[in-house]
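Written out below as structure tokens is the structure these notes cover.
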Amino acid sequence: MNNKMILYILSIILKLEAAFLLLPALTGLIYREREWAAYFGAAVLCLAAGFLMSRKKPEDTTFFTKEGFVIVALSWIIMSVFGALPFVFSRDIPNYTDALFEMISGFTTTGASVLDNIDLVSHAGRMWRSFSHWIGGMGVIVFMLAILPSSGANMRLMRAESPGPSVGKLVPKVKQTAGILYQIYIVLTLIEIVLLLVSGMPVFDAVTISFGTAGTGGFSARASGFEEYTILQQGIVTVFMILFGVNFNAYYLLLAKKWKDAFQIEEIRWYLGIIAAAVVMIAINTRHLYPTAFLSFHHAAFQVGSIITTTGFATADFNLWPELSKTILVTLMFIGACAGSTGGGLKVARMIILVKSVRLDLFRAIHPRGVKTLKMDGKSLDEETVRGVSAYFVTYIVLFILSNLILSFNGLDPVTNFTAVTANFNNIGPGLSLVGPMGNFGMMPWYAKYTLMFDMLAGRLELYPMMMLFIPAIWRKR
Amino acid sequence: MRIIVAGCGKVGWTITEELSREGHDIAVIDIRPKVIEAITNSFDVLGVVGNAASFNVQKEAGIDRADLLIAVTDADEENMLTCLIAKKAAGCRTVARVRNPVYTEEIGFIKEELGLSMIINPELAAAGEIASLLRFPSAIDIDSFARGRLSLLKFVIPEGSPLDRCAVKDIRKSIKADVLICTDERNGEVVIPDGHFVLQAKDKASIVATPDNARAFFDHIGLEQHRIRSCIIIGGGTIAYYLMRALRGTGIHVTVIEQDEARCRYLSEQYPQADIICGDGTNERLLQEEGIAAADSFVALTGIDETNIFLTLYAKNASKAKSVVKVGHVGYRDILETMDLGSIVDPKSLTAERIISFVRAMQNSIGSNVETLYRLIEGKVEALEFAIQEGSPVVGPQLSELRTKKGVLVAAINRGGNGKILIPNGQSTIQVGDRVVVVTTHSGFRDIKDILE
């Protein structure tokens, strides 16, 4: 392990976080809250720690895949550990475990909260919660790559942080690829903010909701969630949630005027197909709950968009919906958004590969001498990718079962625990029963909270970086 | 620049490594997914898996915005087709590796008709390098530029030579040869000497000269004690074929030892004046029989590196021959350097080197009037060729009156279209239309006026 290089990158991450923390501090100043000082203080602390950790660039800057994984995992942990401090300083969330849970939930774009009534939290605190979604959505490492001079090994970092079974580049350089991704991300976010402002939403709400949508996070701006917003505003958010769940490569192809290629991405067709099917089924299933067919369609669309992109906003307490609708939503939680988007979950691309490989196995059972290759977007998939997806799926299931087992010590009902793990592991936020859209995770015991924190990080970083930390061989000196 | 490298073998890999380090935007194409995975993990480049000659694959690699495509796959035909498609589709410049002697015979026609900017033949390049090493056995390194009309030769100043403790400005008086000392390496430091610089024995000096002048100069300083008159080549492959052609008419008698009978017959048809011996080149008796003890030079060109190295060590032991060894493996170069094998020639590195200097020159020629650029002595020195345009501040005054920067030397002036090379002195002047070769320890010169203070 190249420990010096790891430390050096962590120090950069902390300096970046110091810069990020200035936004909530500024928000506090604007709203004349004394909490601003807590956020400013935390920024100074991050900066100091960053400078303390490494003063100059190490000479040996080479690192390999394993270092890439470890750097990414540690970056996210250290960011959350420091990011949780201002919540405690400002007494927004006095308990550190709760603050850490909230912070990890923010950075991993989960949106699961321990707070009962977020209206009691300062504007600065609410801004930091939502802003953390925006940072975590595209990823802090990708941000770092976009602004730092590029080096050969950087692709390993980008691969380790970006979601999806095979991460490619848009243009030859990592720095430019990361830059393009962030430009698309920023422009889409700004469009949403403007549209929400035009529709009459207050500035604070428009900004925080847009951050939450962009990162597919799910922290809302006020305790009442989305109830106070108009149908139009909810509609805008629905559209943008679905847009942020699309593979960002598609936007690049559109920008490069390769229309045909953009619309031929198989994953996006499946993604939109799944959304359409789920919306229709839920709209019919919940027709009797709402006065008009339009309203039931509207709420179904919002909820499906919110859940499949793993955002986790709620316009309605879907906990009260019929069982079929709830089951559909839980199924969507597992599928998740497209690879290369800001969403979580297993990712549509992986589901397609899994479904196709099952179909291939069936074909081989019927025709033992049959020859057929797996194809995606018109290209054949190599065995390595398919094997990787299967291994990922198995790891995912095992971690899921283990987390569920640990949680069940808390004595709550199985639906609560099952959906709590589902919602956190897939970075959604709300589950069902006690942790439904109107509930929160505050009542969970400490060990359950730490398990869920691990799940959130593992889910966001695609399992391996977090698991890598537990392999002793990684920590041996080379 | 935006560059596409098609084919990631040893040459493609070396080019990619070097050019990505220099900050170019690079896309690589190879048919093998494993290779693409490895190369994209190692360097900051875009990888595309597919057949490089396919237009769609090229499009995916960004051919429409590329400045240059370098085709270095195994197959000549694929390289040429790749370049042709790139040229027709995107109009970018193209470089192809073409090694089959059949194509090499008509290389000018192919280059013209396919619109290629450069064709590189690794074996031909290696043979050329070996031939120039044999022509100047005292030089340790030879770079040629100005389309081969000028050479930069590096040599060690021998003890007792008239150059020892001689100031640079006095050289022309004591030695009647039209040459210029360009660089001097002492204890690992490279300087561009001015007139007052005093040379010492054991310095590694380099000169810029035309080949004829260089020979006369070496004679005068006591380096060229013997000219090479005979050469034993082990292995009659493609490099040997080209080498024999390059040595034709130089007065060097060639003996080739080759195992394959059919190959021997073919070579004897092509080069009737050479001695072609059908036999095992590793056989000690055979080597002695063919007069290794009296040979002036020994070139090991078999397909196996280990055999070549071993043969060379044997030749060093058995004779005083100048030895040249071909090595195909890129690694372990440092160890080979310590083994006293004479000159080492690696066709693949040579190919990569030539292509890279083409790219550098091309990059320099964008928005500047640098014609060609070479990096010498491990990149510490640059030699640039400028075209002199109307109104340039260097036109007119004598060179001694120009206030040039430290570490800059006007090494040669190529005047008029007839390829006449002038080796300048303090009284020389630069004229409009000249091509001037400047040797410098600075880098990043874009115009001839950059040499002035």
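No lab work stands behind these numbers, since they all come straight from the coordinates. It should be emphasised that the depicted structure is a prediction, and the values quoted were computed from it without experimental measurement. Every residue, glycine as well, gets a Cβ built from its backbone with ideal geometry; the counts of neighbours run over all protein chains shown.
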Original post:
If you take the beta carbon distance between B:Glu60 and B:Lys34 as r and set R0 to 25 Å, what does 1/(1 + (r/R0)^6) give as a FRET efficiency, to the nearest 0.05?
Top reply: 0.85
Original post:
Given 0.36 nm per residue, what is the gain on full extension from A:Thr61 to A:Asn95 after removing their alpha carbon distance, in nm?
Top reply: 8.3 nm
Original post:
Taking +1 at the Cβ of each Lys and Arg and -1 at the Cβ of each Asp and Glu, which of A:Phe294, A:Ala256, A:Gly312 sits farthest along the dipole of segment A:208-328 towards its positive end, judged by Cα position relative to the Cα centre?
Top reply: A:Ala256
Original post:
Do the alpha carbons of any pairs in B:Lys34/B:Lys59; A:Lys175/B:Lys88; B:Lys173/B:Lys204; A:Lys169/A:Lys379; A:Lys56/B:Lys406 sit beyond 25 Å of each other, and which pairs?
Top reply: A:Lys175/B:Lys88; A:Lys56/B:Lys406
Original post:
Arranged by the count of other C-beta atoms within 10 angstrom, fewest first, what order do B:Arg435, A:Arg34 take?
Top reply: A:Arg34, B:Arg435
Subject >> Dipole in debye (nearest 20) - segment B:35-124, about Cα centre, beta carbon charges: Lys, Arg +1; Asp, Glu -1 >> reply: 280
**OP:** Would you tell me the mean number of C-beta atoms belonging to other protein chains that fall within 10 Å of each C-beta in B:29-42, as a whole number?
**Re:** 2
Subject >> Point-charge dipole on Cβ atoms (K/R +1, D/E -1) for the protein assembly as shown, about Cα centre, debye to 20 >> reply: 580
Original post:
Assuming R0 = 30 Å, what is the FRET efficiency of B:Lys202 and B:Thr429, from their Cβ-Cβ distance, to the nearest 0.05?
Top reply: 0.25
**OP:** State whether segment B:126-220 is rounded, prolate or oblate according to the following rule on the C-alpha gyration tensor (a ≥ b ≥ c being the square roots of its eigenvalues): a/c under 1.5 gives rounded; otherwise a/b larger than b/c gives prolate, and the remaining case gives oblate.
**Re:** prolate
Original post:
Using the per-residue mean of other Cβ atoms lying within 10 Å as a proxy for protection, in what order, highest first, do the peptides A:414-427, B:77-90 fall?
Top reply: A:414-427, B:77-90
Original post:
What FRET efficiency, computed as 1/(1 + (r/R0)^6) with R0 = 51 Å and r the Cβ-Cβ distance, is obtained for B:Ile107 and A:Val81, rounded to the nearest 0.05?
Top reply: 0.20
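Taking the beta-carbon count within 10 Å as an exposure proxy, list B:Thr307, B:Thr104 from fewest neighbours to most.
Least to most surrounded, the residues fall as B:Thr307, B:Thr104.
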Original post:
Rounded to the nearest 20 Debye, what is the dipole magnitude of segment A:191-296 about its Cα centre when Lys and Arg each give +1 and Asp and Glu each give -1 at the C-beta?
Top reply: 280
Original post:
A:Trp259 to A:Val358: extension gain in nm, 0.36 nm per residue of separation minus the Cα-Cα distance?
Top reply: 32.5 nm
**OP:** Please report, in Å, the Rg and the Dmax of segment A:1-91, where both are computed over Cα atoms only.
**Re:** 15.0, 48
**OP:** Write down the percent of antiparallel bridges among all DSSP beta bridges whose residues are both part of the protein assembly as shown, to the nearest 5.
**Re:** 50
**OP:** Determine the shape class of chain A: with a ≥ b ≥ c the square roots of the Cα gyration tensor eigenvalues, call it rounded for a/c under 1.5, and otherwise prolate if a/b is greater than b/c, oblate otherwise.
**Re:** rounded
Subject >> Within chain B, percent of DSSP bridges classed antiparallel, to nearest 5 >> reply: 50
Original post:
If you take the square roots of the eigenvalues of the alpha-carbon gyration tensor of chain B and sort them as a ≥ b ≥ c, do you get rounded (a/c under 1.5), prolate (a/b over b/c) or oblate?
Top reply: oblate
**OP:** Would you work out which of B:Asn51, B:Thr441, B:Gly108 lies farthest towards the positive end of the dipole of chain B, given +1 charges on the beta-carbon of Lys and Arg and -1 on that of Asp and Glu, about the Cα centre?
**Re:** B:Thr441
Subject >> Virtual spin-label span in nm between B:Lys320 and A:Arg32, 7 Å along Cα→Cβ >> reply: 10.0
Subject >> Separation in nanometres of the label points that stand 7 Å from Cα toward Cβ, at A:Leu402 and B:Glu22 >> reply: 5.0
Subject >> Sequence of B:Tyr241, A:Tyr8, A:Tyr31 once ranked by neighbouring C-beta atoms within 10 Å, starting from the fewest >> reply: A:Tyr31, A:Tyr8, B:Tyr241
Original post:
What residue among B:Gly7, B:Ile85, B:Ile39 has its Cα farthest toward the positive end of the dipole of segment B:1-92, where the charges are +1 on Lys, Arg and -1 on Asp, Glu, each on the Cβ?
Top reply: B:Ile85
